[in-house]
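Throughout, read-outs are computed from the coordinates displayed, never taken from laboratory work. As the structure is a prediction and not an experimental result, all values here were calculated from the model. Ideal geometry is used to build each Cβ from the backbone, glycine not excepted, and the neighbour counts take in all protein chains shown.
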Amino acid sequence: MNSNKTKIFIDGQHGTTGLQIQDRLKDRPDIELLELPMAERKDLAKRAEIARAADIAVLCLPDAAAKELVAALGDAATVVIDASTAHRVADGWTYGFPELSAQQRQKLLDSTRISNPGCYPTGAIGLMRPLIDAGILRADSTPAVFGVSGYTGGGKELIAVHEKPDVEPFGLYGMELTHKHVPEMKKYSGLSHAPLFVPSVGHYAQGMLVIVPITRDITTKKVDAKDVQHVLEERYAGEKFVKVRPFADKSWLERDRFLRADRLIDTNSMELAVYANPAEEQILAIASLDNLGKGASGAAVQTINLKTGVDEATGLAIG
């Protein structure tokens, strides 16, 4: 960047993700936050003008509005980090998951158009990509991915629903099997077919679990759970934000049995774990993260840190 302070414009700063990004950046001496007056926040020309004046523009917008602003920016030098789903699998955009591969950080450093990952895909890709790269999972298989998120993942509309009485305590959704996160799960995991993804929402605010059963029909050969454990440990060795729990770990379980979905809230951490029933050749891989942290705002700030040359953990909590 070309000044002592990095100028950042958050378009959609009053949404759930935008507020959390702003909160993580507002007191940093290396950051200058640019803002539009309230009356101009829906004016495309004004938004494009201030985005061009920024070093980094973070888009926390509905897909259509994100596409509109990107089109208005054209080939402007501003680094765009889009937190919507509008450009997650688009050509010319780099996926903002630095731990995706050994080359991903350099790709992000070289890019001015970055798509911030979705919350569920962060967990699913974090589990599946290393196993596909290692030849354990078949790239032509159809893995099942199950997830539960706090209701903040649904934005202001779902938050309002859960603040009313008599809301459901837990609910599956996406039964049409065309959830908006499926394309990025497929692309960045390295799958040739879409995974079968079943998301759900619990009546709690933040936190997420993503579960991938490693079944015999999706593996390239007979696989031992320790092989899965070793691949994940090797891939994420040395990472600050992605950690692999000890094999079959019980120490993070409530009363030795229950894995909380909200244990990493307000952090940028993601923890992975492997469990198994050897007698039945069954293996379960699990990711635990904050849907608003590593799954949204924290991920965007991590990318901002990478792009500005500061420690990636600056302004971010580690669980």
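Points worth noting:
- Structure-based [θ]222 nm, the chain - -39500 (n - 2.57) summed over DSSP H runs of at least 4, per residue, nearest 500: -8500 deg cm²/dmol
- Dipole of the chain, positive end: most advanced residue of LEU272, LEU33, GLY207 [Cβ charges, Cα centre]: LEU272
- Computed label-point distance, nm, for sites ASP43 and ASP110 using a 7 Å Cα→Cβ extension: 3.9
- When the C-alpha to C-alpha distance is required to be over 26 Å, the pairs from LYS240/LYS307; LYS5/LYS156; LYS26/LYS307; LYS187/LYS243 that qualify are LYS5/LYS156.
- Loop-located GluC sites (Glu not before Pro) in region 255-319 whose Cβ has at most 15 other Cβ within 10 Å (DSSP): GLU281
- FRET efficiency for LYS5 and GLU163, using Cβ-Cβ distance with R0 set to 35 Å, rounded to 0.05: 0.40
- Dipole orientation for region 119-291: of the candidates VAL198, LEU158, LEU232, LEU232 has the Cα lying most toward the positive pole (charges on Cβ; Lys, Arg +1; Asp, Glu -1).
- Between ALA71 and HIS230, the distance separating the two model label sites (each 7 Å from Cα on the Cα→Cβ line) works out to 5.2 nm.
- Sorting GLU32, GLU234, GLU157 from the fewest to the most surrounding beta carbons within 10 angstrom yields GLU157, GLU234, GLU32.
- Cβ-placed point charges (K, R +1; D, E -1), dipole of the chain about Cα centre in debye, nearest 20: 240
- Relative contact order for region 1-137, counting Cα pairs under 8 Å that sit 6 or more residues apart, in percent: 19
- Three-way shape call for region 62-165 based on the alpha-carbon gyration tensor, with the a/c threshold at 1.5: oblate
- 0 to 90° range, to nearest 10: angle between helix 119-133 axis and the chain longest Cα axis: 60
- For the chain, the longest principal axis of the Cα atoms and the long axis of helix 44-53 meet at an angle of about 80 degrees.
- Computed over region 119-291, the convex hull of the alpha-carbon atoms projects to a mean area of 10.5 nm².
- Each listed q (0.08, 0.11, 0.13, 0.15 Å⁻¹) maps to a log10 I(q)/I(0) for the chain, found by the Debye formula over equal Cα scatterers with no solvent: -0.36, -0.68, -0.94, -1.23.
- Spatial separation of Cα centroids for region 156-202 and region 71-128, in angstrom: 20
- Rounded to the nearest 10 degrees, the inclination of helix 63-73 to the longest alpha-carbon principal axis of the chain is 50 degrees.
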